[in-house]
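*Asks:* Attaching a single structure in structure tokens format; questions to follow.
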Amino acid sequence: SAADSGWFVALMGDVYNNQGVIFGFGLGVSIVVAFLYIYILRIPGVLDTIIWGIIGLIFVVLLAGFLMLFLLAQDYQDNKEELDKTDADILTVQICSYIVLAFAFIYLCIIFFLRKQIRLAIGVVKEAGHALNDMPLLILLPVFQAIGFIIFLVPWIIYTLFLASSGDMTTTSEDFDNGSGTPVQVQYNSFEYNEATTYAFLYMIFAFFWSSQFIIAMGQIIIAMSVSVWYFTKGK
């Protein structure tokens, strides 16, 4: 009905009126920013500063949380009567502060033991940035995957609709009590499917998941092989 389709018409109208922002800024500018970010990552020290800065900032935040809770507990202790705090309140805040301090210590130990793996991950990200800079068309691969998936969906939807309409329609009547004491008879139509059609539905579901995952896997293989060939190519 017109009322049911109103939201869809409004959505398409908004997309049409803002197509410049959606496709220009949302796609074009984001791609430019992505390549600019990849280029910035190639500058020596930038990626290391970002990663280790974030790791260090998390540790500082944990220490700040411990200090805040510890000082809050001291404030509760010094102004116990004015703030109307019990010993249980003070003890709870103190325990929470020590728990946060323990988390900070565990986090520091984990970072210390994983420092080599973190440096390796940073190196992998740098090489990935170099690869994408030398092979910029890889960024368009998801677009081709989406097109391939849409092409697959066209016959899949047609066959699924055909199966859905191939059942035998039956009319069922049921009595419902509307609260007035007099039952109301309601009739509705439904499809009944035989065993072969049911198995055909299951096969279509299998085909959907298998084909979609095949398209995703092909994209992963293409990117992996491209980067591998790029990485092991001799010369510049």
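*Asks:* Against the conditions (1) farther than 30 Å from residue 74 by Cα; (2) open to solvent by 80 Å² or more (accessible area, probe 1.4 Å); (3) touching a residue at least 24 places away in the same chain (Cβ under 8 Å); (4) of a type outside the set (Gly, Ala, Ser), where does residue 185 fall short? Just the number, please.
*Replies:* Evaluating residue 185 over (1) farther than 30 Å from residue 74 by Cα; (2) open to solvent by 80 Å² or more (accessible area, probe 1.4 Å); (3) touching a residue at least 24 places away in the same chain (Cβ under 8 Å); (4) of a type outside the set (Gly, Ala, Ser) leaves (3) as the failure.
Quick grid of which residues meet (1) among the β-branched types (Val, Ile, Thr); (2) in a helix (DSSP H, G or I); (3) at pLDDT 90 or above; (4) open to solvent by 60 Å² or more (accessible area, probe 1.4 Å):
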site: 47; (1), (2), (3), (4): no, yes, no, no
site: 67; (1), (2), (3), (4): no, yes, yes, yes
site: 88; (1), (2), (3), (4): no, yes, no, yes
site: 130; (1), (2), (3), (4): no, yes, no, no
site: 145; (1), (2), (3), (4): no, yes, no, no
site: 150; (1), (2), (3), (4): yes, yes, no, yes
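*Asks:* Among the residues of region 101-116, is any closer than 30 Å to residue 139 by Cα and part of a helix (DSSP H, G or I)? I'd like the intermediate steps shown before the answer.
*Replies:* Filtering region 101-116 down to residues closer than 30 Å to residue 139 by Cα leaves 116.
Imposing the further condition that a residue be part of a helix (DSSP H, G or I) reduces the set to 116.
Yes; the residues of region 101-116 include at least one that is closer than 30 Å to residue 139 by Cα and part of a helix (DSSP H, G or I).
*Asks:* Across region 90-128, what is the number of residues that are under 14 Å from residue 67 (Cα atoms) and at pLDDT 90 or above?
*Replies:* Applying the first criterion (under 14 Å from residue 67 (Cα atoms)) to region 90-128 yields 93-105.
Applying the additional criterion that residues be at pLDDT 90 or above yields 95-105.
Residues meeting the conditions: 11.
*Asks:* May I ask you to list pairs of residues, at least six apart or on different chains, whose Cβ atoms are under 6 Å apart, with the first in region 190-205 being within 24 Å of residue 172 (Cα to Cα) and among the acidic types (Asp, Glu) and the second being open to solvent by 100 Å² or more (accessible area, probe 1.4 Å) and in a strand (DSSP E or B)?
*Replies:* Listed by first residue and then by second, the contacts come to 192/168.
The values are calculated or read from the model by the stated rules, or taken from the named source; none is laboratory data. These figures come from a predicted structure and were not determined experimentally. We place every Cβ from the backbone using ideal geometry, glycine too, and count neighbours over all the protein chains shown. Surface areas here come from the heavy atoms of the whole protein model, side chains and all, with no ligands, DNA or RNA. Shrake-Rupley method; radii C 1.70, N 1.55, O 1.52, S 1.80 Å.
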